[in-house]
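Engineer: First the structure, which I've put down as structure tokens, then a few questions once you've had a look.
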Amino acid sequence: MKNSAKVVVIGGGVVGCSVLYHLTKLGWTDVMLIERAELTAGSTWHAAGGFHTLNGDPNVAKLQQYTVELYKEIEDKSGVACGLHLTGGVMLAGTEDRMDWLKMAHAKGRYLGMHTEIISAEEAKKRMPLIDEKHFVGAMYDPLEGHLDPYGTTHAYAKSARMNGADIVVRNRVLELNPRDDGTWDVVTEQGTVHAEHVVNAGGLWAREVGRMVGIELPVLAMEHMYLLTEDIPEVAEANKTTGKEVITALDFEGEIYTRQERGGMLMGTYEKAAKPWSEQETPWDFGQNLLEPDLDRIAPELEVGFEHFPSYGNTGIKKIINGPFTFAPDGNPLVGPIRGLKNFWVACGVMAGFSQGGGVGLALSNWIVKADPGFDVWGMDVARYGDYATLAYTNAKVRENYSRRFRIRFPNEELPAGRPFRTTPIYDRLLADGAVMGESYGLEYPLWFAPKGMDAKEVFSFRRSTDFEHVGNEVARVRTSVGVMETSGYAKYRVTGEGAETWLSHMLANKIPATGRMVLTPMLNDNGKLIGDFTLAKLGEGDFLIIGSGPAEQYHMRWFEAHVPATGVRIEACGLNLVGLSIAGPNSRALLQKMTKQDVSTGAFPFMAIRKMDLGPIPAVVGRVTFTGDLGYEIWVKPEYQRALLDLVLKEGADLGIGHFGLRALNSMRLEKNFGTWAREYRPIYGPYEAGLGRFADLKKNDFIGRTAAAEEKASGGTLRLIAFKVDATDADCIGDEPIWHDGHVVGWVTSGGYGHWVKASIAMGYVPIELADKTDGFEIEVIGERRKAHPIREALFDPKGEKMRG
Ligand SMILES: Cc1cc2nc3c(=O)[nH]c(=O)nc-3n(C[C@H](O)[C@H](O)[C@H](O)COP(=O)(O)OP(=O)(O)OC[C@H]3O[C@@H](n4cnc5c(N)ncnc54)[C@H](O)[C@@H]3O)c2cc1C
């Protein structure tokens, strides 16, 4: 065994082998894969081998499409057969809601260049003769579905990598990972130590154990999963004869079943409701290529439905039942990328659909290692989407929930209950008592909307406008006419201090540093000049800054900050819930603030984008004059021990000014009325600041900053896309995000976010279109639940286009 390599990949499952292959494709050939047992010896060998392109996140769907299209390449290169059966497949809808969901998935796929079809139940029966069509209302057909041989595919990746120069060492467990001072690693194995510049954890079933070698707890959990193989079925032979080909794959959402042909019979698997975790605390190192004890009773309810929906299955014997474990992250998407605080340590784990996603994961991670950028929008699978709150027990609750709901619809207004409430702020119970309907983000409870007294604080889940509509409208009206209060603790808050803070921030952020007592909005760019953050930056004093950003991106941004912070002179800290807040907004908000403080808060004394320390009643606070509602408003930041007193004070002093609560849904409605974009929707690392309409917040004339050269080029060329807002001729359903934007009969972009502007009484959507179309005034349509609706570009915000209320 060699004693050094540029990269050591730990784990010879389908994911590790894909990473290894992609590294070599990018020209890094001094790379090595170390496998504890044999290739495929983790969860890979007993997989059912199915693949598909469908994913709730279109960016992940795109990587799945890439994976499926890659198999031919590795087969041709290596000469090892992947056992590819590209049969195509149907996704069967048993309800109208599911049909709506499929239409939306089909619409999303259009922008990605996928060729799915929406078909009737009768047509589905023609293509998949084993179904009883009376249980279905329709289906979606996807030509890029099928199944393969997991063993052959993994070996095809491995041999292709070897042919490009990679080393693979099997029967050699990695025992320890020891960092050196220069950021490289000593990989201690049973056969000796390898010195590596980079280490990749592709440990699959043992990814947690490999993580623990470097002191981290990865949010992954293995679940038991069963599928069965039937004896030969006469109807299968018949279908093969009449169609002249193999029976296509099928996914039956109502039965929670996937199925495909296996020789003369069928394979049928299910994600059962009675989900069972495996090795919850620790995966034993001596777990070999073993199967787990099947438990037919656990999957009996799903099988019963399956036998009704696929009647011929019920008339045949079961040849074999496979029960094996494989791993999931809390949301079911992979965990990929570098780990905050660890140099040159990467993960590619929690991949629950290795044969749909393995190629895309390998490509993105290799790009990231070699070129310092994944090359795609990988937020949906970035390991940094989870913070320290994602403990073993939290992960356990969420993974079980996700597994048991794998084939269920998640409605856009549906919040999932497992593991909640978990992170809460001091006013959580007070907000509940006032009717708050809570959502969760980054583990934290926050109010979505408030049910009026006497109304059950529950909502009907729907793709269409729902029970909250009227009440959210009332919250918006309150803010637009008097004053509302909202909890803002869920934002990420960073304190940057030290003598070097100002110089460093000016290098990290695109806008100029504000004067003391002032704030600016500022994008943060990566080296390619793409958006990796949008912040409010406040200068509280010399060497003392507060940054406010997106809550779920806290770990993501801290990873970037810490990777760039100098060893001395600058301290950066994520405040988390050590700093909590309330926002007051609306025309009466100044009068309310004035009632709470002795300081002069008239607009002359405390103008728009000013920030200062202020006692509110007895409460020490930092107050900034800014709000995302686009109205007059303030953000108030306090230590958590004061938040209850602050809420009391705001509600008491605001009583005669018309105060009331508002939640995130009202905020979203109001920010859309102002065409304000938001992180992870309009602002993502695939867009540049000029494309996103944030160019005015990038100061190219100040000192050099990360991404400046690329941003200047984008400014000169104009970039390729433009973010624009639309008024949509929608009736009972608004855009929620990811809907295709059409122009003159062609799909030209997708919606980044949408909703109803309650004050301006318009359905609004935002999205990117090619720059050549940015100035067109007509010809646009947006597909809302399968129907193309006329969409009218809005050049000026529908609410307060001159910003007079905000600044006044
Ligand atoms: C019953 C069943 C059916 C499935 N059906 C499908 C399907 O139809 N389609 C699909 O896409 N997916 C399916 N899967 C999931 C699929 O198997 C996984 O997505 C995939 O195997 C994940 O691959 P991996 O490389 O991440 O992990 P693994 O296959 O677990 O590989 C990890 C490897 O790392 C090695 N390793 C770990 N620690 C060390 C160490 N310290 N030193 C050296 N080596 C180490 C292990 O020995 C192992 O070989 C199924 C899984 C099961 C159990």
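Engineer: Going 7 Å from the Cα of residue 594 in the Cα-to-Cβ direction, what parts of segment 773-808 have a backbone nitrogen less than 18 Å from that spot?
Structural biologist: Residues 805-808 qualify, since their backbone N sits under 18 Å from the label point.
Engineer: Report, in degrees rounded to the nearest 10, the 0 to 90 angle that the Cα long axis of helix 58-78 makes with the longest principal axis of the chain.
Structural biologist: Once rounded, the angle reads 30 degrees.
Engineer: Continuing with the same structure: Taking Cα pairs under 8 Å and at least six residues apart, what relative contact order does segment 111-230 come out at, in percent? Intermediate values should be presented prior to the final figure.
Structural biologist: Working: 100 pairs, mean separation 14.6, N = 120.
Dividing the mean separation by the residue count of segment 111-230 yields 12 percent.
Engineer: Now a separate question. Picking from 632, 310, 782, whose Cα lies most toward the positive end of the charge dipole for the chain (charges on Cβ: Lys, Arg +1; Asp, Glu -1)?
Structural biologist: Checked the options; the winner is 632.
Engineer: Return the percentage of antiparallel bridges among DSSP beta bridges fully within the chain, rounded to the nearest 5 %.
Structural biologist: Here the share of antiparallel DSSP bridges comes out near 85 percent.
Engineer: For 756, 428, what's the fewest-to-most ordering of other Cβ within 10 Å of each Cβ?
Structural biologist: In increasing order of surrounding Cβ atoms, one gets 428, 756.
Engineer: In terms of the Cα gyration tensor, with a ≥ b ≥ c the square roots of its eigenvalues, is segment 387-441 rounded because a/c is under 1.5, prolate because a/b exceeds b/c, or oblate?
Structural biologist: It comes out oblate by the Cα gyration axes.
Engineer: I need the calculated FRET efficiency for the pair residue 732 and residue 232, taking r as the beta carbon distance and R₀ as 56 Å, to the nearest 0.05.
Structural biologist: Efficiency, rounded to the nearest 0.05: 0.70.
Engineer: Separate question: Cα axis of helix 554-564 to longest principal axis of the chain: angle in degrees, 0 to 90, nearest 10?
Structural biologist: Orientation of helix 554-564: about 90 degrees from the principal axis.
Engineer: Using a cut-off of 9 Å between beta-carbons, work out the net charge of the residues near residue 539 (Lys and Arg +1, Asp and Glu -1, residue 539 not included). Could the numbers behind the result be given before it?
Structural biologist: Numbers: positive: 518; negative: 502, 542, 544.
After counting each charged neighbour, the total is -2.
Engineer: Enumerate the calculated ³J(HN,Hα) couplings along segment 128-136 in order (Karplus 6.51 cos²θ - 1.76 cosθ + 1.60, θ = phi - 60°), each rounded to whole Hz, writing x wherever the residue is Gly or Pro.
Structural biologist: 10, x, 7, 7, 9, 5, 5, 8, 10
Engineer: Oh, and also: Going by how many other beta carbons lie within 10 Å of each one, how would you line up 589, 717, fewest first?
Structural biologist: 717, 589
Engineer: What 222 nm value per residue comes from the helices of the chain, counting each DSSP H run with n ≥ 4 as -39,500 (n - 2.57) and dividing by all residues, nearest 500 deg cm²/dmol? Intermediate results must be reported in sequence, preceding the final value.
Structural biologist: Numbers: 20 runs with 217 residues, N = 808.
Calculated from helices alone, the mean residue ellipticity at 222 nm is -8000 deg cm²/dmol.
Engineer: Among 381, 265, 294, which residue has its Cα positioned farthest towards the positive end of the charge dipole of the chain, with +1 placed on the Cβ of Lys and Arg, -1 on the Cβ of Asp and Glu, and the dipole taken about the Cα centre?
Structural biologist: My answer, from the dipole projection, is 381.
Engineer: How high is the relative contact order of the chain, in percent, counting Cα pairs under 8 Å that sit 6 or more residues apart?
Structural biologist: Averaging sequence separation for qualifying contacts and normalising by length gives 12 percent for the chain.
Engineer: Which order do the peptides 90-96, 528-534, 464-470 come out in when sorted by mean C-beta neighbours inside 10 angstrom, highest first?
Structural biologist: 528-534, 90-96, 464-470
Engineer: Take the chain, compute every pairwise Cα distance, and split them into 10 Å bins from 0; I just need the percent in each bin.
Structural biologist: The calculated distribution, bin by bin, is 2, 13, 22, 25, 21, 12, 5, 1, 0.
Engineer: Going highest first, how would you order 282-293, 103-114 by mean Cβ packing within 10 Å?
Structural biologist: Ranked by mean Cβ neighbours within 10 Å, highest first: 103-114, 282-293.
Engineer: Treating the beta-carbon of each Lys and Arg as +1 and of each Asp and Glu as -1, no other charges, what is the dipole magnitude of the chain about its Cα centre, to the nearest 20 debye?
Structural biologist: Computed charge dipole of the chain: roughly 2100 debye.
Engineer: Below 21 Å, Cα to Cα, which lysines can residue 598 reach? Residues fewer than 8 away in the same chain don't count.
Structural biologist: Leaving aside lysines fewer than 8 places away in the same chain, those within reach of residue 598 are 613, 639, 652.
Engineer: On to the next question. Rounded to the nearest 10 degrees, what's the angle between the helix 234-243 long axis and the longest principal axis of the chain, both from Cα atoms, 0 to 90?
Structural biologist: 80 degrees
Engineer: Separate question: What is the Å³ per residue value for the convex hull set by the Cα atoms of segment 369-494?
Structural biologist: Cα convex hull per residue, to the nearest whole number: 189 Å³.
Engineer: Just list whichever of 493/595; 371/674; 701/761; 458/790 have alpha carbons separated by over 29 Å in the model shown.
Structural biologist: Cα-Cα > 29 Å for 371/674; 701/761; 458/790; rest within.
Engineer: Rounded to whole Hz and in sequence order, give me ³J(HN,Hα) for segment 658-665 from the Karplus expression 6.51 cos²θ - 1.76 cosθ + 1.60, θ = phi - 60°, writing x for Gly and Pro.
Structural biologist: Calculated HN-Hα couplings, in order: x, 5, x, 6, 9, x, 5, 5 Hz.
Engineer: What does a probe at residue 613 reach in segment 537-555, counting residues whose amide N is under 17 Å from the point 7 Å along Cα→Cβ?
Structural biologist: What the label zone holds, given the 17 Å backbone N cut-off, is 538-547.
Engineer: For Cα pairs less than 8 Å apart in space and 6+ apart in sequence, what is the mean separation divided by the residue count of segment 250-377, i.e. the relative contact order in percent?
Structural biologist: Numbers: 120 pairs, mean separation 18.7, N = 128.
It rounds to 15 percent for segment 250-377.
Engineer: Another question, then. Taking +1 at the Cβ of each Lys and Arg and -1 at the Cβ of each Asp and Glu, which of 284, 66, 532 sits farthest along the dipole of the chain towards its positive end, judged by Cα position relative to the Cα centre?
Structural biologist: Selected residue: 532.
Engineer: Amide H neighbours of residue 750 under 5 Å, counting only residues 5+ apart in sequence or on other chains, H built in-plane at 1.01 Å?
Structural biologist: 741, 768
Engineer: For an R0 of 41 angstrom, estimate the FRET efficiency from the Cβ-Cβ distance between residue 392 and residue 243 and round to the nearest 0.05.
Structural biologist: Computed FRET efficiency for residue 392 and residue 243: 0.30.
Every number in this text was worked out from the coordinates using simple rules, so none of it is lab data. What you see is a predicted model, and the numbers here were worked out from it, not measured in a lab. In this analysis, Cβ positions are derived from the backbone assuming ideal geometry, glycine residues included, and neighbour counts consider all displayed protein chains.
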